[in-house]
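Input: a single structure, listed below in structure tokens.
Derivation of every value follows stated rules applied to the coordinates shown; laboratory data play no part. The model shown is predicted, which means the values in this text are computed figures rather than measured ones. In this analysis, Cβ positions are derived from the backbone assuming ideal geometry, glycine residues included, and neighbour counts consider all displayed protein chains.
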Amino acid sequence: ETAIYVDGGLVRNLPVDIVRAMDVEVVIAVNLGSSYLKRDQLGTILGVAGQMIAILTEQNVERSLTEIDPDWDILIAPDLGNITASDFNRNREAIAAGERAARKMVDTLSRYSVDEAQYGAWRTECLARIPERIDTVDEVRFAALRHVNPGFFKNIKTRHEGKPFNRKEVEADLLPIYGRGDFERVTYRLTNDHGQRLLMIDAVEKAWGPGYLSFGLGLSTDGQGDSRFGVRGTYRQTWINSLGADWTTSLTLGNAPALTSEFYQPFNLIHPAFVAPYIDINQSPMAIYYESQRIAQYDITRYTLGTDFGVIIGNSVELRAGPYFREARFELDTGDPLLSEGHSAQSGVRARVLYDTLDNAYIPRSGMRFVSGYERPMDAFKADVEYDRLEGAWTGATSIRGHSLVANLRGGTNFNDPIPYYDQFALGGLHNLSGYANDQFRGNQMAYANLIYQWRLAELTPPLGRGIYMGGSLEFGRLWDVAGSNQGTPLFSEKNRYSSSIFTSLDTWFGPLYIAYGITADGDSTIYVLLGRP
């Protein structure tokens, strides 16, 4: 016998009575409503059928609305405008409408709120009732894939087929798959097929891939003459071959132009080792200061060609190292010629360690990030000068409701090998000793720390961004072995420097927007405007 099912909206589009029969105390109902078709839409059989469904649906909704107790239950009614049930491509707009409607009811909803401790205890109790292990999984199946190699899921099939189902292990295995960015969503479900227990993995590939084109804007000014602007376009092509290679190229046009391109090639699908040849061409201004006075500015152009060999460990750690070939050119823009013009060979080897769980690269609210990079130009690669350059940075973020704390620690050393001025560690700029000009101070050794507080004033609805923030920072920094110190005439005094800032920021779809005021313990101050990533 074959069962035939129809959409429940025909008889219960807002099933208040069914929920009430489940012996609940409070019903929170969301009425998406329905609208009748216009007269000019009724000229076809499909139009008439659609109108009949709308009439049936609206009638049972009106009946269900009378079953809501206004003194006890809660009704949320999003304004969907002209969004219909078939507008799947407008899902972000629909979600935003639902969020706005829910926020209007926040005072009423708060009657049933509990504190975090009570909610955590309830959540733990619910999860405890879900068995970690249930029936043996006879077979693991996957939804049809268009571009992603099915072998990418081989590890899941091997780990779970013929073994008891373990929810935590399945979710842990699916997390890095989703994190690759190839899928809109990755879910799983257990089902039966002729007596066989199946674990179905539903990985829905992004409809707009495997090629992704994005654009961005960049603007920054420190109010003291260092202004940078640019328009950036990035193209990423994924799954170029069956091993999951991808190629990312980014071009920036403006007064700090850049071209970067990297071809990322895994050695196989299972083991996370890779090779990544790359090219990086960029031009940027570099100012030279004597204390707080800018005395010269250079334009520096770097050409880099290299290859990294690396491995990914777990879901969050990347190790990479390899040779690079670089040439830098220096041209005096304004001021005294303190550095010789011309070019310098800087070829050598580099290495990097990266651990990253931050939820947002620019305005994080949770997670942690650690990155450490080492470079050594070498005589064996025909470098003009040999030196070591090691830098490390740690960021940690935590939030409670709309309040966030972000801590940053940075340090760098040259292991007593003098670093050319243009490659020395720099301090100065917003949240890099706020109140001073961008990169006002440089030295062979550096230490820096800050603590940033952020208060989320409001949330932005997609696709505009995530939120509007207000905050402030406390900062400390110091540089040692600065230019000229060996001759007794350093460009600035080596001392502890303290600064702070207050700012308003927007986390937008094209990057962060900051309007900030920074002040130093010496009384220097400046206003910053940053948009996107210059």
Protection proxy ranking, peptides 72-79, 285-292, average beta carbon neighbours within 10 Å, highest first: 285-292, 72-79
Structure-based [θ]222 nm, the chain - -39500 (n - 2.57) summed over DSSP H runs of at least 4, per residue, nearest 500: -4500 deg cm²/dmol
The stretch 396-443 and the stretch 337-354: distance between their alpha carbon centers, rounded to Å: 20 Å
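Kyte-Doolittle mean at least 0.5 and Cα extent at least 27 Å along the axis: which DSSP H helices of the chain qualify? Mind dumping the intermediate values first?
On the way: long enough: 45-65 (30 Å, 0.69).
Sorted by number, the helices that extend far enough and score high enough are 45-65.
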Table column - 3J(HN,Hα) (Hz), the stretch 362-367, Karplus curve with 6.51, -1.76, 1.60, x for Gly and Pro: 9, 10, x, 10, 7, x
Highest average packing first - 17-23, 314-320, 438-444, Cβ atoms within 10 Å: 438-444, 314-320, 17-23
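What order, most packed first, do the peptides 515-523, 363-371 have when packing is the mean number of other Cβ atoms within 10 Å of each residue? If you can, show how the numbers build up before the last one.
Details: 515-523: 16.8, 363-371: 18.4.
Final packing ranking: 363-371, 515-523.
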